[in-house]
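Peer 1: I have a structure I would like to understand better, so I am pasting it below and will then ask my questions one at a time.
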Amino acid sequence: MSFINYNAKEIHCKVVYYGPSLGGKTTNLQWVYHKTLAKEKSELFTLPTAVERTMFFDFLPLNLGDIRGFKTRFHLYTVPGQVVYDASRKLILKGLDGVVFVADSQAERMEENLESMENLKRNLTQQGYDINEIPLVIQYNKRDLPNALPVAELRTQLNRYNAPDFEGTASEGAGVFEALKSVSKSIITVLKGGDI
């Protein structure tokens with residue numbers, strides 16, 4: 001749920017990167033962070049866990065336009081992928097505006113992708129969200145690896161919600177901004193339909 005700062009004339013939107021452990025969520029966020037102009041972003045914060053990290057920062061995009069005179073500021077978060085951190089995932093999902101689900105394209109990771117997608121749906125429901133109604137984008141990451149499944153198979157297995165989806169190799173930046181722009185535009189469309 002967006003937060004409005006009337007003094008700064010900004011609408012703050014929260015995008016959460018979700019997916020299986022070591023699937024590329026952090027790499028996506030780091031790529032966006034390093035390619036965003038310094039004056040347009042905050043510091044990159046990291047909350048370490050035993051294996052993964054939760055990362056977040058915010059930025060003002062340059063080309064999404066204003067909504068009734070308000071600029072949009074996006075706050076990007078990653079969730080830890082391991083199931084043991086489910087309580088952290090739930091906490092990070094609170095107040096979200098959109099989700100980028102980062103799937104690992106490797107054949108041996110499909111079961112983890114499916115478990116993570118089901119976990120996302122369950123956690124959203126517990127927070128009062130409907131996965132069919134929130135802005136959701138799927139990125140099929142690690143497309144450069146030789147054991148990557150065909151996109152058609154990934155789509156059949158994972159994209160039951162008919163969400164916009166993109167191929168990606170986050171380590172090279174491929175598909176990173178496409179996924180972020182897509183979810184951002186969906187969030188803006190939702191905001192323009194509401195009252196400020």
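Peer 1: Given the peptides 151-164, 93-106, arrange them by the average over their residues of other C-beta atoms within 10 Å, most packed first.
Peer 2: Per-residue Cβ counts within 10 Å, averaged per peptide and sorted highest first, yield 93-106, 151-164.
Peer 1: In addition: If you take the beta carbon distance between V151 and K121 as r and set R0 to 30 Å, what does 1/(1 + (r/R0)^6) give as a FRET efficiency, to the nearest 0.05?
Peer 2: Efficiency, rounded to the nearest 0.05: 0.90.
Peer 1: Tell me the Rg and the Dmax, in Å, that the Cα atoms of region 65-196 produce.
Peer 2: Answer for region 65-196, Rg first and Dmax second: 15.3, 48 Å.
Peer 1: Would any residue of region 5-25 have its amide N under 19 Å from a label point 7 Å out along Cα→Cβ of D66? List them or say none.
Peer 2: Answer for region 5-25: 5-13.
Peer 1: Assign unit charges at the C-beta atoms only (+1 for Lys and Arg, -1 for Asp and Glu), then state the dipole size of region 56-195 relative to its Cα centre in Debye, rounded to the nearest 20.
Peer 2: 500 debye
Peer 1: Averaging sequence separations of C-alpha pairs under 8 Å and six or more residues apart, then dividing by the length of region 80-145, give the relative contact order as a whole percent.
Peer 2: Relative contact order here is 46 percent.
Peer 1: If I model a spin label as a point 7 Å beyond the Cα along the Cα-Cβ vector, how far apart are those points for L44 and Y6 in nm?
Peer 2: With each label point 7 Å from Cα toward Cβ, the separation is 3.6 nm.
Peer 1: Give the residue from V15, M110, T125 lying farthest towards the positive end of the charge dipole for region 3-192; charges sit on Cβ (+1 for Lys and Arg, -1 for Asp and Glu) and the dipole is referred to the Cα centre.
Peer 2: Most positive-ward Cα: V15.
Peer 1: Evaluate the relative contact order of region 3-192 (contact order divided by residue number), counting alpha-carbon pairs under 8 angstrom at least 6 apart; express in whole percent. All intermediate terms of the calculation are to be shown ahead of the outcome.
Peer 2: Details: 344 pairs, mean separation 45.8, N = 190.
Answer for region 3-192 is 24 percent.
Peer 1: Right, something else. Quickly rank 181-192, 23-34, 165-176 as a protection proxy: mean count of other C-beta atoms within 10 Å, highest first.
Peer 2: So the order, starting with the most tightly packed, is 23-34, 165-176, 181-192.
Peer 1: Report, ordered by chain and residue number, the lysines lying within cross-link reach of K41, taken as a straight Cα distance under 27 Å and ignoring same-chain residues fewer than 8 apart.
Peer 2: Counting by Cα, and skipping residues close in sequence, K41 has these lysines nearby: K9, K14, K25, K71, K90, K94, K142, K181, K185, K192.
Taken together, the values in this text are just the output of simple stated rules run on the coordinates, not laboratory data. Bear in mind the structure is a predicted one, so any value in this text is a computation, not a measurement. Don't worry about glycine lacking a Cβ; one is built from the backbone with ideal geometry, like all the others, and counts go over all protein chains shown.
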